[in-house]
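Nothing in this text is a laboratory measurement; each read-out follows from the coordinates by a stated rule. Computed from a predicted model, the values in this text were never measured in an experiment. Cβ placement follows ideal geometry from the backbone for every residue including glycine, while neighbour counts extend to all protein chains displayed.
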Amino acid sequence: MRFLFLALAILAATEAHRVYDHPSLPRQRNLKVADEEKTTEFWMNKAQHILAHKLQNLNELNTRKAKNVILFMGDGMSVHTITAVRNFMGDSSKQVSFEKFPYTGLSRTYAVDKRTPDSANTATAYLNGVKGNYGTIGVNAQVREGDCFKGNDTSTHTESIAKWAQDAGKWAGLVTTARVTHASPAGVYAHTAFREWEYDAAVTYDGCSPDINVDIARQLVEWPVGKELRVVLGGGRQNFRDQSVNDEEGSPGYRSDKRDLIREWLDTKAKENKTAHYVWSKKGLEMLDLDKSEYLLGLFSPSHCPYHGELERKHLQDADPSLSTMTEAAIKMLSKSENGYFLFVEGALIDMAHHESQAHMALEDTAEFARAVELARNMTSEEDTLIVVTSDHSHTMTINGYPNRNANIFKLAPEMADDGLPYNVLSYANGPGYANTFSSTEGRRNLALDNYMDPEYRFMATTPMEYETHGADDVGVFASGPYAHYFTGNYEQSNIPALMAHIADIGPFADDKL
């Protein structure tokens with residue numbers, strides 16, 4: 001009897017340990033796997049192919065100088081986001097366009113004063129080569145967020161790779177699905193102690209002088225780097241016009257200084273005998289003869305551009321250009337430069353969807369971002385164009401549970417949680433999705449009753465927050481073109497513009513400056 005009890009105890013302990021480490025999951029009877037994946041030879045041959053590709057890259061390093069540099073930045077595009085979009089595209093074995101680039105690295109995204117950064121200080125890092133404080137753009141860490149005085153000290157101002165390109169005789173431009181005065185694109189041309197100072201009234205609201213603390217929209221139109229950008233495409237008309245003026249679609253401006261900066265931009269270019277065009281719709285962009293344009297300003301929305309998935313769902317595809325459409329126009333414009341160009345392209349709405357815990361729309365915008373990268377690679381040559389794809393920071397979304405391989409990424413995990421209720425495969429550590437997850441009276445809600453296939457569905461979150469927060473993880477860097485092998489390894493985010501500038505032989509990292 002004693003041995004029986006001992007055997008049962010051992011069996012129970014073993015079973016408990018087994019279940020804890022490797023939960024028993026329901027078997028999916030209709031799971032279809034390609035026959036080739038069931039063989040050892042398939043995986044061996046796949047490894048041989050990858051090894052041969054690696055060896056070829058090492059033996060044929062592209063060591064030419066880059067005439068052109070394109071930096072693609074997926075705002076909030078964490079490694080988890082890239083992994084999830086593979087499933088969104090159809091299968092875990094798929095690769096998004098930039099994952100096929102030959103070289104990959106990781107960058108560290110922290111701010112000088114914060115472990116988890118924002119899009120302002122990160123823009124200063126990957127565009128200016130200097131890490132700053134949270135909420136600041138184009139200034140070093142001597143400037144704290146909102147400092148009306150120190151932010152005006154030009155000794156604290158940093159230079160962007162766009163300026164280095166312009167100084168070298170290259171053209172420069174930017175494309176974004178956010179407002180063109182938003183934190184990320186502002187890193188191309190602006191210097192400010194607070195990212196929210198996109199228009200003059202915002203400066204006044206924070207107790208500073210808009211005459212001394214020049215707002216970001218004015219910097220784009222008036223200051224040297226901004227005014228010499230050859231192409232600027234995105235949203236944000238409201239920051240360029242006065243409150244008393246409605247834009248082309250009837251939305252009032254935000255400015256309080258009675259100025260129309262769009263008109264001023266056009267008038268300045270006319271006085272300088274430069275051919276400049278302003279467009280506010282997809283139709284206007286498509287009708288424009290880019291060969292006859294020297295400068296192009298396109299502001300397609302009062303604020304941010306629509307989510308990519310909403311273009312079709314809300315029948316906006318004929319009114320608002322996609323990120324790919326804007327990227328194509330920008331490359332066509334900048335390719336006219338005999339000395340080459342620098343282009344910054346931001347897929348901004350990945351971040352905004354994550355903040356809303358709307359993973360479906362985040363993945364839709366990530367897929368469109370990948371299409372824009374592929375388009376750019378097809379429009380340019382690897383011989384003379386360096387393309388770098390990265391993110392500014394991560395988010396708290398994770399892929400959890402043990403979903404079957406062919407399961408829809410937006411659906412529920414195949415097993416129940418310990419409380420007997422289902423849970424989402426995609427979930428957030430915090431955010432507005434908490435309201436869908438927990439009830440003050442019932443505890444955790446039964447997610448099986450939710451319409452989690454709705455693109456606007458807010459996925460489950462552990463901690464209640466009005467907006468989901470950024471994450472502090474490292475982010476991926478993918479490179480193709482001249483000296484792309486420089487981008488391997490793990491490095492500071494602020495190293496990225498230094499590498500790009502050296503490869504293009506411009507700015508403080510040109511050959512003769514080292």
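The simple spin-label model puts a point 7 Å past each Cα toward its Cβ; for residue 438 and residue 272 those points are separated by 5.5 nm.
Its convex hull of Cα atoms gives the range 375-455 a direction-averaged projected area, equal to a quarter of the hull surface, of 8.5 nm². The length gained by stretching the chain between residue 405 and residue 445 to full extension, at 0.36 nm per residue less their Cα-Cα distance, is 11.8 nm. When peptides 76-89, 437-450, 35-48 are sorted by average Cβ neighbour count within 10 Å, with the highest value leading, the order is 76-89, 437-450, 35-48.
Based solely on its DSSP helices, what 222 nm [θ] is calculated for the chain when runs of n ≥ 4 H residues each add -39,500 (n - 2.57) and the sum is averaged over all residues, nearest 500 deg cm²/dmol? Estimated from H runs of four or more residues: -9500 deg cm²/dmol. Classify the range 236-393 from the C-alpha gyration tensor, please: rounded if a/c falls under 1.5, else prolate or oblate depending on whether a/b exceeds b/c. Since a/c reaches 1.5 but b/c is at least a/b, the shape of the range 236-393 is classed as oblate. Between residue 61 and residue 263, the distance separating the two model label sites (each 7 Å from Cα on the Cα→Cβ line) works out to 5.7 nm.
In the neighborhood of residue 259, defined by Cβ-to-Cβ distances under 11 Å, what is the net charge if each Lys or Arg adds +1 and each Asp or Glu adds -1? Here the count lands on -2. Between their Cα atoms, which of 54/163; 65/332; 46/67; 67/269; 258/314 are more than 24 Å away from each other? As for pairs spanning more than 24 Å Cα to Cα, those are 54/163; 46/67; 67/269; 258/314. Both radii come from the Cα set of the chain: Rg as radius of gyration, Rh as Kirkwood radius; their ratio Rg/Rh reads 1.02. Cβ screening of the chain for cysteine pairs under 4.7 Å finds these without a partner: 305. The HN-Hα couplings worked out from phi for the range 285-292 by the Karplus form 6.51 cos²θ - 1.76 cosθ + 1.60 (θ = phi - 60°) are 5, 5, 7, 6, 8, 5, 5, 9 Hz, whole numbers, x standing for Gly and Pro.
The label-point distance for residue 511 and residue 149, in a model that sets each label 7 Å from Cα toward Cβ, rounds to 4.7 nm.
For the range 307-364 versus the range 417-479, the spacing of their alpha-carbon centroids is 26 Å. Extension gain, residue 79 to residue 43: 0.36 nm times the residue separation minus the Cα-Cα distance gives 10.6 nm. In order along the range 296-306, the Karplus-derived 3J(HN,Hα) couplings, from 6.51 cos²θ - 1.76 cosθ + 1.60 at θ = phi - 60°, round to 9, 10, x, 10, 9, 7, x, 10, 6, 5, x Hz, and Gly and Pro are given as x.
The range 310-351 gives an Rg/Rh value of 1.10, both radii derived from C-alpha positions and Rh following Kirkwood. Determine the sum of side-chain charges near residue 132: Lys and Arg each +1, Asp and Glu each -1, restricted to other residues whose C-beta is under 14 angstrom from that of residue 132. Net of charged neighbours comes to -3. Taking packing as the residue-averaged number of other Cβ atoms within 10 angstrom, the listed peptides 341-352, 407-418 run from highest to lowest as 341-352, 407-418. In sequence order, the range 394-410 has phi-based couplings of 9, 9, 8, 5, 9, 9, 10, x, 10, x, 5, 4, 8, 6, 4, 4, 8 Hz under the Karplus curve 6.51 cos²θ - 1.76 cosθ + 1.60, θ = phi - 60°, and Gly or Pro positions carry x. Is the range 204-279 rounded, prolate or oblate when judged by the Cα gyration tensor, a ≥ b ≥ c being the square roots of its eigenvalues, rounded requiring a/c under 1.5 and prolate requiring a/b larger than b/c? Since a/c reaches 1.5 but b/c is at least a/b, the shape of the range 204-279 is classed as oblate. Other residues lying with their Cβ under 15 Å from the Cβ of residue 63 contribute a combined charge of -3, Lys and Arg counting +1, Asp and Glu -1.
In a fully extended conformation the segment linking residue 115 and residue 228 would gain 37.2 nm over its present Cα-Cα distance, using 0.36 nm per residue. The residue among 103, 134, 92 whose Cα reaches farthest toward the positive pole of the charge dipole of the range 86-153, with charges on the beta-carbon of Lys, Arg, Asp and Glu, is 92.
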